[in-house]
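Asker: Quick one: structure below, then a few questions.
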Ligand SMILES: C[S@@+](CC[C@H](N)C(=O)[O-])C[C@H]1O[C@@H](n2cnc3c(N)ncnc32)[C@H](O)[C@@H]1O
C-alpha cells in the first residue's frame with residue numbers, strides 16, 4: 001500500500017503542474033516582475049497580483065516558503081494549545097491559500113475554510129490548486145478588501161500570513177482588531193526582518209490589549225524583552241527549492257531557509273513554552289550554547305554541558321525556534 005501523501009507533497013506537485021505549459025522563460029520573467037513590484041512602494045491602491053501569470057509565478061515561487069513558515073508557527077501554537085482543533089478557519093489576505101494548506105497539514109479532518117483577498121486572480125488560482133487537497137475542497141474563496149470597514153464572521157482561527165507588510169498602518173490595526181473580535185485564535189506571520197518583527201510586535205500588543213494570551217513563540221504575554229531597534233525575534237523554516245527557484249535564483253542548492261517572525265495568540269487556555277530557543281544553537285566541544293527567551297521576560301544564554309546528561313543530549317538536538325527544555329528532558 002502506498003503511504004498517504006502529505007499536504008506539503010500534494011502542494012508541491014500541484015504547484016509544479018501549474019507551470020506545465022508556461023514557458024520557463026515566461027515564468028522566470030513573471031517572477032522577476034513580481035520581485036520588482038514587491039521592492040517598490042507597498043501598500044498599493046490595487047492588487048499587485050493582477051493576472052494569472054503573476055499569480056502562477058507568486059504561487060510557484062513563494063507559496064512553498066510561506067506554507068512552511070505558517071506551518072512552523074501553527075506547530076508551535078498547536079503544542080501550546082493541545083486540545084484545540086479549529087472547526088472554522090478564515091485566512092485574511094489569503095491569496096492563493098498557503099495558510100489553508102498549512103492548517104490542513106497541522107490539523108487533519110474537515111473544517112469550514114474561508115479565504116479572503118482583494119485579488120480575484122489569486123483567489124481563482126488558489127481554488128484551482130486546492131482541488132488537489134481534500135481538506136480544502138469545500139473552501140470559500142471570497143473577494144474582500146482589508147480596510148477600516150473590515151469585519152469578520154466569528155471563527156475558531158484567523159491566519160494573516162505575509163499581509164501586514166502590504167497594508168497602511170491604520171489598515172493593519174483594523175485587520176488585527178477585526179481578527180481579535182472574530183476569532184478564538186489568531187496567527188500572524190511576517191517576513192523575518194526587523195520591519196516584519198516590528199509589525200508583529202505591534203499586532204501582538206493589540207491582541208494582548210484585546211484580552212488574548214500569547215501561545216507562541218513567547219513564553220509569556222508581557223512586553224517583548226528585545227529593545228526596539230536593537231535586535232529582532234525571528235525564526236527559520238527549511239524549504240525545498242522548486243525548479244523555478246533554481247531557474248530564477250540560479251545555484252544548485254536543494255533548499256533554502258525562509259526567515260519569518262510570528263505571533264500566535266488565543267482566548268483559550270494556553271501553556272506556552274517554558275522558554276524558547278531564539279537563535280541557532282551553537283555546538284562546541286562538550287557543550288551547547290542556547291540563547292533563550294525566558295518566562296521572566298528576560299533573554300538569557302544558557303550553557304548545557306555533558307555533565308547535564310539527558311539535558312545535554314536534548315540540547316544537541318535542539319533547534320532554533322524549539323521550546324526548551326523539551327518534555328522528554330524535563331525533570
Ligand atoms: C504576499 S501575499 C501573501 C498571500 C498569502 N497569505 C501567503 O501567505 O502566501 C499578500 C496578499 O495580501 C493581499 N492584499 C494586500 N492588500 C490587501 C487589501 N487591502 N485587501 C485585501 N487583500 C490584500 C494580496 O492580494 C496578496 O494576496
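Asker: Can you give me the relative contact order of the range 275-329 as a percent, contacts being Cα pairs under 8 Å and 6 or more apart?
Answerer: 38
Asker: So how do 110, 127 line up by other beta-carbon neighbours within 10 Å, fewest first?
Answerer: Least crowded to most crowded, the residues run 110, 127.
Asker: While we're looking at this one, here's another question. Over its Cα atoms, what ratio of radius of gyration to 2.2 N^0.38 Å does the range 117-264 give?
Answerer: 1.16
Asker: Another question about this same structure. Let me check against my output: what whole-number percent is the relative contact order of the range 145-192, with C-alpha pairs under 8 Å and at least 6 apart?
Answerer: After rounding, I find 54 percent.
Asker: Once you treat every alpha carbon in the range 75-128 as an equal point and sum by Debye, what is log10 I(q)/I(0) at q = 0.13, 0.16, 0.20, 0.25 Å⁻¹?
Answerer: Calculated log10 I(q)/I(0) at the listed q: -0.34, -0.50, -0.72, -0.97.
Asker: Taking the 0 to 90 degree range and rounding to the nearest ten, how far is the long axis of helix 169-182 tilted relative to the main principal axis of the chain, both from C-alpha atoms?
Answerer: Once rounded, the angle reads 80 degrees.
Asker: Now for a separate question. Which value in nm describes the separation of the simple spin-label points at residue 243 and residue 87, placed 7 Å from the Cα toward the beta carbon?
Answerer: 4.5
Asker: May I ask you to derive the FRET efficiency for residue 120 and residue 226 from their Cβ-Cβ distance with R0 = 30 Å, giving the value to the nearest 0.05?
Answerer: Using R0 = 30 Å, I get an efficiency of 0.15.
Asker: What fraction, in whole percent, of alpha-carbon pairs in the range 275-329 exceed 15 Å separation?
Answerer: Cα-Cα pairs of the range 275-329 separated by over 15 Å account for 39 percent.
Asker: Order by neighbour count: 58, 312, fewest other Cβ atoms within 10 Å first, most last.
Answerer: So the residues, fewest neighbours to most, are 312, 58.
Asker: Comparing 79, 223, 264, which has the greatest mean-square fluctuation in the GNM of the chain with Cα pairs linked when under 10 Å apart?
Answerer: The residue that fluctuates most here is 223.
Asker: Counting other beta carbons within 10 Å of each residue's own, what order do 101, 107 fall into, fewest first?
Answerer: Fewest-to-most ranking of 101, 107: 107, 101.
Asker: When only Cα pairs under 8 Å and 6 or more residues apart are kept, what is the percent relative contact order across the range 7-266?
Answerer: Contact order relative to length: 21 percent.
Asker: Using 0.36 nm times the number of residues separating residue 255 and residue 5, minus their current alpha carbon distance, what extension gain do you get?
Answerer: Computed gain between residue 255 and residue 5 is 88.0 nm.
Asker: If the elastic network links every pair of Cα atoms under 10 Å, which of 180, 132, 60 fluctuates the most in the Gaussian network model of the chain?
Answerer: Residue with maximal mean-square fluctuation among 180, 132, 60: 132.
Asker: Further question on the same structure: Of the candidates 308, 234, 89, which one comes out as most mobile in a Gaussian network treatment of the chain with C-alpha springs shorter than 10 Å?
Answerer: 308
Asker: Further question on the same structure: With a Cα-only, solvent-free Debye model of the range 1-96, what are the log10 I(q)/I(0) values at q = 0.12, 0.15, 0.25 Å⁻¹?
Answerer: -0.53, -0.78, -1.35
Asker: Given all pairs of different Cα atoms, what value in angstroms does the Kirkwood hydrodynamic radius of the chain take?
Answerer: 20.5
Asker: What is the angle, in °, between the Cα long axis of helix 52-80 and the longest principal axis of the Cα atoms in the chain? Nearest 10 is fine, range 0 to 90.
Answerer: Value to nearest ten degrees: 30.
Asker: Please give the helix 120-130 orientation as an angle from the longest Cα principal axis of the chain, in degrees from 0 to 90, rounded to the nearest 10.
Answerer: 70
Asker: Pop a pseudo-label 7 angstrom from the Cα along the beta-carbon direction at both residue 44 and residue 25 and give the gap in nm to one decimal.
Answerer: 2.5
Asker: Compute the distance in nm between two label points, each set 7 Å from the Cα along the Cα-to-Cβ direction, one at residue 307 and one at residue 287.
Answerer: For residue 307 paired with residue 287, the spin-label model returns 1.0 nm.
Asker: Grab the beta carbon distance between residue 294 and residue 209, set R0 = 25 Å, and tell me the FRET efficiency rounded to 0.05.
Answerer: 0.60
Any read-out appearing in this document is the output of simple, stated calculations on the displayed coordinates, not a laboratory observation. Computed from a predicted structure; not experimentally measured. Using ideal geometry, Cβ is built from the backbone for each residue, glycine included, and neighbour counts are taken over all protein chains shown.
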